[in-house]
Amino acid sequence: MDDVSVRLRNLAKSYWRGSLEIPVLTGIDLEIPRGGYYALMGPSGSGKTTLLNLIAGIDRPSGGELEVCGHSLNGLNDDELAGWRSRNVGFIFQNYNLVPVLNAYENVELPLLLQDLGRAERRERVLHALSLVNLTDRMRNYPRQLSGGQEQRVAIARAIVHDPELIVADEPTGALDAKNAEEALILLEHLNQELGKTIVLVTHDPKAASHARFQIHLEKGVLDRTVEVHDRPVLPRLLT
Amino acid sequence: MRFLTLVLRSLFRSKRRTFLTVLSLSVSVFLIALLQSLLGTMDALTTSTGSGTRFVVQDKASFTNVIPQAYTNFLRQQPEVERFTVLQWFGGEYKDPKNFFANFGVDPESYLQVYREEANLPSIPLEQVRDFLRDGNGCMVGRALADKFGWKVGDVVPLKSSIFNLTVRLNIRIIFAGLRKSDEMVLAFNIKQLQEAVPWMKGRVGAITVRAKNPADIPRLCERIDHHFANSAQETLSITENAFNLNMMKLLGDYSTMVHSISAAVLVAILIVTANTMAMAIRERTTQISTMRALGFRSGQILSLLMAEGLLLSLLGSGLGIALAMGVASAAAKVAGQIIPWMADFIITPETLLLCVLITLALGLLSTFIPAYRASRRPITEGLRAL
C-alpha cells in the first residue's frame, strides 16, 4: 500500500472572468505521507483554501495530476467524486457548518447515512465518535444549544465518524476563542497521532500551525517552502 | 426512509413560514375543490338520468308564458313519442316566503311515467301511487323535502302562490326517494286544481315534457313540432331537457368559463407563492446543502431530499384544503340545499379530490424543482462561501 496520502503533480487552478484567466495555483508539486499533519499557510489570496478544496475533491484542477488516498481524482465524475469523499475525507469548517435542525447525534450520523450500515452499527460509531470528542452527554442538544467550542467538537466527531483516511480543516479555530481553539487543535493532533489520520489544515494562525508537523507556505499561488515544525507542544494522552 | 427525519425537520425548520405556506396552499385547494365541485354539480343538473330521452315544448317567446294544453293532441299523433306530461310552475310558499322549494301542477299519471327515474317509480308503494292518482288534492313530495318540514304521508300541506293569488291545500300521498337529493326537493300536485281555480289557466299549461322512444329522434321531433305550430297564435320552442336546464343555468352567465378562469388564477397565484417560499427556503440553506455535498451527498440525493420537502409541503396543503372543502361542501349541501334544490347534491367527487391532489403534487414539483436543481448543481466551493 502506497504510503503517500496526497500526491500533487504540476497542479494548477485558474478561474475565468469572462475571457480573462485568473491563475490561482500554478505548478504545485506536493506529497503528503499517510498519517502526515500539514498546515497550509500564506497570505490571503495565496491559494491555500483552493489547494485544500482540490485535495478534498470539492473543486477540480485546471491542470496537473491529483492523487488522494490512493485514487486519481482527475477522471472521476461528480457522483464518483461524491462517493469517494464520503469514504475518504472528513471535513472541518471554520463555522462548523452543522445542520441546525439536527441534534449533535444526528449531525455526527449524517456521513454514515450515505453508507450501507444498519441503525445499530451507525449508533455504535456515532457514540464512539462523540466519546472521542467528549460530548456524549450533549448528543441530544441542537447546535443552537451548544457553545462554539462544543459545535466544533461535534464537527470533528462528524469528520471522523466514517473513519476517513484524510481530514481537511479550513481555519478550524477561526471562530473560536483561545481556550476552545487550543482544545480543538489538541483534539486534531490526537486524531493524527493516535488514530493515524492524515490532516491538512489551512490557517492564518501561527499558533494553530505550530501543532502541525510541517508547514507549507504558499505565495501568490506557488508553493514557496515547506518547513518542518520541531518545537511542537507536548500532548497529554487523550484518545483511546 | 433514513432521510425522513432530515426532510421533516427541514420542512418544519421555520414553523411559521411552513404553516403559512401550507395554509395558503390549503386555501387554494379548498377554493379549487369547491369551484370544480360546484361546476360538476351544475353540469350534472343538465344531464339527469332520464333527461337524455326528454325534451320540453314551451312558448317560443318565453318559458314563463303558458301554451294551450291542446297542443298535446299533435304530440299524441307522433309515432316517436313514448309519453308526455304537462306541468306548470306554481311558485307556492309553505307558511313563510323563506320556505321556498320547487312545486308544480302536473298531470299525475303521465308525470310519474315521464319522470319515473327521478321519482324512482318502482320503489313507490302501489297503494301510494293509487291514492295520488285518485285524490284530486293529492300531491307527491321528495324525501328530502318531507324531512325538511317533517311531513309524512297523510299530512295536509297548504301552499300559497303569489303568481296565481291562490292557496291550495294538498294531501301528501307519496313520499318518494329519488336517485339524487336534488330530485327530492320537489312537490307535484294535480294541475287540474290550478286550471279550475284560475280562469286564464283553463286549458293551458306552462310546458309539455315529452319522452321520446329513441333519443336520436329528438332533434327531428323538435323541428317537426315547432314547424307545426309556426305561424300559430302561440309558436313553440322545443328543446331538449338538458338544453332547457342549461338555459336556466346560463342565466347565471357563462359559469363554466368563469369557474375555470378563477381556478386558473388561483393556481398561478399559489404557484408563485409556493415557488417563492421554496426558493427562499432553499437559498437560505445554501451553505448547509454545500456542506452535505462536501460530506458525500450526490447532487441527485440533494435534489430528491429537497423535492421530497416540496412534495410533502404540497400534500399537507392539499390534505388540509380537501378536508376543509369536504366539511364546507357537506354543510353547504345541508344548508343551501334547502333553498336551492340542486345544491342538495353538492359533494366533492372522488374525481375532484384526485384532481386537487394531482394539482398540488404538480405545484409542489414545479415550485421546488428549479431552486432545488440549482442548489444541487451549484459548485460546492461557491456554496460554502455563501454565508
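What is the antiparallel percent of DSSP beta bridges lying wholly in the protein assembly as shown, to the nearest 5? Can you show the working numbers first?
Values: 54 of 81 bridges.
Antiparallel: roughly 65 percent of the beta bridges in the protein assembly as shown.
Placing pseudo-labels 7 Å out from each Cα toward the beta carbon at B:Ile262 and B:Asp135 gives an inter-label distance of 4.3 nm.
Let me test this: with uniform point scatterers at the alpha carbons of the protein assembly as shown, what is the Debye-based log₁₀ I(q)/I(0) at q = 0.09, 0.11 1/Å? For the protein assembly as shown, the Cα-only Debye profile gives -0.77, -1.02.
For the pair B:Arg116 and B:Ala70, the difference between a 0.36 nm per residue extended length and the Cα-Cα distance amounts to 14.2 nm.
Between 0 and 90 degrees, the angle of helix B:15-45 with respect to the longest Cα principal axis of chain B falls at about 20 degrees. In order along segment B:68-75, phi translates into HN-Hα couplings of x, 5, 5, 4, 5, 4, 5, 5 Hz, rounded to whole numbers, per the Karplus curve 6.51 cos²θ - 1.76 cosθ + 1.60 with θ = phi - 60° and x for Gly and Pro. Listed by Cβ neighbour count within 10 Å, with the fewest neighbours leading, A:Glu106, B:Glu82 appear as B:Glu82, A:Glu106.
Relative to its Kirkwood radius, the Cα radius of gyration of segment B:98-254 gives an Rg/Rh of 0.98. Which net charge results for the neighbourhood of A:Leu127, defined as the other residues with beta-carbon distances under 15 angstrom from its beta-carbon, given Lys and Arg at +1 and Asp and Glu at -1? Taking every other residue near A:Leu127 into account, the sum is +2.
Summarising the amide proton neighbourhood of A:Leu98: residues at separation of 5 or more, or on other chains, whose placed amide H is nearer than 5 Å comprise an empty set. Taking the DSSP beta bridges with both ends in segment A:135-240, the antiparallel portion is around 55 percent. Dividing the summed helix terms, -39500 (n - 2.57) for each DSSP H run of n ≥ 4, by the number of residues in chain B produces a 222 nm estimate of -17500 deg cm²/dmol to the nearest 500. If the chain linking B:Phe3 and B:Arg385 were pulled fully straight, counting 0.36 nm for each residue of separation and taking away their Cα-Cα distance, it would gain 135.0 nm. Among the listed pairs A:Lys48/A:Lys179; A:Lys48/A:Lys197; B:Lys60/B:Lys148; B:Lys98/B:Lys192; B:Lys60/B:Lys152, those whose Cα-Cα separation exceeds 32 Å are B:Lys60/B:Lys148; B:Lys60/B:Lys152.
For A:Glu228 and A:Arg9, a Förster radius of 30 Å and the Cβ-Cβ distance give a FRET efficiency of 0.85, rounded to the nearest 0.05.
Between 0 and 90 degrees, the angle of helix B:255-283 with respect to the longest Cα principal axis of chain B falls at about 10 degrees. Put a plus charge on the Cβ of each Lys and Arg, a minus charge on the Cβ of each Asp and Glu, and nothing anywhere else: the dipole of chain A about its Cα centre is then about 420 debye. Modelled spin labels at A:Asp177 and B:Ala177, positioned 7 Å past Cα toward Cβ, are 8.0 nm from each other.
Ordered by the number of other Cβ atoms lying within 10 Å of each residue's own Cβ, fewest first, B:Thr257, A:Thr49, A:Thr226, A:Thr198 fall into the sequence B:Thr257, A:Thr226, A:Thr49, A:Thr198.
Return the calculated 222 nm mean residue ellipticity for chain A, to the nearest 500 deg cm²/dmol, obtained by summing -39500 (n - 2.57) across DSSP H runs with n ≥ 4 and dividing by the residue count.
Working: 7 runs with 75 residues, N = 240.
Estimated from H runs of four or more residues: -9500 deg cm²/dmol.
At an R0 of 30 angstrom, the distance between the Cβ atoms of B:Arg224 and B:Tyr255 translates into a FRET efficiency of 0.40. Ordered by the count of other Cβ atoms within 10 Å of each Cβ, fewest first, B:Val114, A:Val168, B:Val335 give B:Val335, B:Val114, A:Val168.
For chain A, what is the percent of antiparallel DSSP beta bridges, rounded to the nearest 5?
60
So for chain B, what percent of the C-alpha to C-alpha distances run longer than 26 Å? It would help to have the intermediate numbers written out before the result.
On the way: 47030 of 74691 pairs.
The share of Cα pairs beyond 26 Å in chain B comes to 63 percent.
The share of C-alpha pairs in segment B:77-184 whose separation exceeds 15 Å stands at 65 percent. Relative to the dominant Cα principal axis of chain A, helix A:148-160 is inclined by about 80°. Rounded to 0.05, the FRET efficiency of the A:Thr136 and A:Gln115 pair, given R0 = 35 Å and the Cβ-Cβ distance, is 0.95.
Where a number appears in this text, it was derived from the coordinates with a stated rule and is not lab data. The structure displayed is predicted, hence computed values, not measured ones. All Cβ positions, glycine included, derive from the backbone under ideal geometry; neighbour counts span all protein chains shown.
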